[in-house]
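Structure, as structure tokens:
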Amino acid sequence: MGRALGRMFAVRLGPPRYGVRALYSHKTKPGVRMNRLCKALVVLEVAVAGWLGWAIEANAAEAVKPDATKGQAIATGVCAACHGADGNSASSAFPKLAGQHQAYLVKQLNDFKVKPGEKVAARQNPIMAGIVGPLSDQDMANVAAYFAQQVPKGGAAHDAATVALGQKIYRGGIADKGVPACASCHGPTGQGLPVQYPRVSGQWADYTSAQLTAFAGGTRKNEVMQPIASRLSEKELKAVADYMAGLH
């Protein structure tokens, strides 16, 4: 855990242009420096809270030993119509699951379920709620393990006019808005960090854009992503989603 946190902070604070050096640059006015520092600290605090939440849920998931072979049966019989038998969906309406981290998939499946004592699920989707309802913890672990083992098919960025903007946000963030580099959590090639952060490379741009919009509007809950997405303009949001689609 210590090494993972250290790596996350090192990447987040490392780049001179958008990291600590930028906050304290002699060329920046004191008031602006303090404003940037406060934004950076808020982002850091949110990231730590989110990381700890992931770690706790991952430990719970590890208590169930997954069986990918049994998971394949569920994937073929239940999930294939939308997500593809190997997790490479044919439509941008449905996310690609191939190669996604097992812990992340288990968390999402659990979030679609209404927990005891709660009136609504953490992540509301009537289609997914009906699908995951009958699944046990073992079933979810099994199907997540199966999809995690599949080979994802690469995607591509399609809007040449916004590739540079998307790359800038993904690689360096937007310091003045308190938006950290996406790469600091999801990795330079979008592979993510197992347990903590999901794989985003090659995902459908339309799907990623829709999720960022949901985070920004508060219809999808996530204490890390909500404040970040809410600071992005529609153009910035779509640009970074399109850029991530082409990462490999």
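Values quoted throughout were computed directly from the atomic coordinates according to the rules given, and no laboratory measurement underlies them. Being a predicted model, the structure only gives us computed values, none of them experimental. When we count neighbours, we look across all protein chains shown, and the Cβ atoms used for this are built from the backbone with ideal geometry, even at glycine.
Details
- Partner aspartates and glutamates for LYS65 [C-alpha distance under 15 Å; skip if fewer than 8 residues away on the same chain]: GLU57, ASP137, ASP139
- Close amide H partners of ILE174, meaning residues 5 or more places away or on another chain with modelled amide H under 5 Å apart, are VAL179.
- Bridging of LYS96 to aspartates and glutamates at a Cα separation below 13 Å is possible for ASP86, ASP206, once same-chain residues fewer than 8 apart are set aside.
- Debye intensity ratio I(q)/I(0), log10, the range 68-149, q values 0.14, 0.18, 0.26 Å⁻¹ (C-alpha model): -0.42, -0.69, -1.38
- Overall, the anisotropy analysis places the range 203-248 in the prolate class: the square-rooted eigenvalues a ≥ b ≥ c of its C-alpha gyration tensor yield a/c not less than 1.5, with a/b exceeding b/c.
- ILE131/ASP176 FRET efficiency (R0 41 Å; Cβ-Cβ; nearest 0.05): 0.45
- Converting phi to 3J(HN,Hα) with the Karplus coefficients 6.51, -1.76 and 1.60 and the offset θ = phi - 60°, the range 121-138 yields 6, 4, 10, 8, 7, x, 5, 5, 4, x, 6, 7, x, x, 7, 7, 4, 5 Hz in sequence order, with x at every glycine or proline.
- Once the Cβ-Cβ distance of LYS153 and ASP67 is raised to the sixth power relative to R0 = 35 Å, the FRET efficiency obtained is 0.90.
- Label sites at HIS248 and ALA93, each approximated as a point 7 angstrom past Cα along Cα to Cβ, lie 2.9 nm apart.
- Across LYS115/LYS177; LYS119/LYS238; LYS113/LYS177; LYS119/LYS235; LYS113/LYS235; LYS115/LYS221, pairs whose alpha-carbon gap is larger than 25 Å: LYS115/LYS177; LYS119/LYS238; LYS113/LYS177; LYS119/LYS235; LYS113/LYS235
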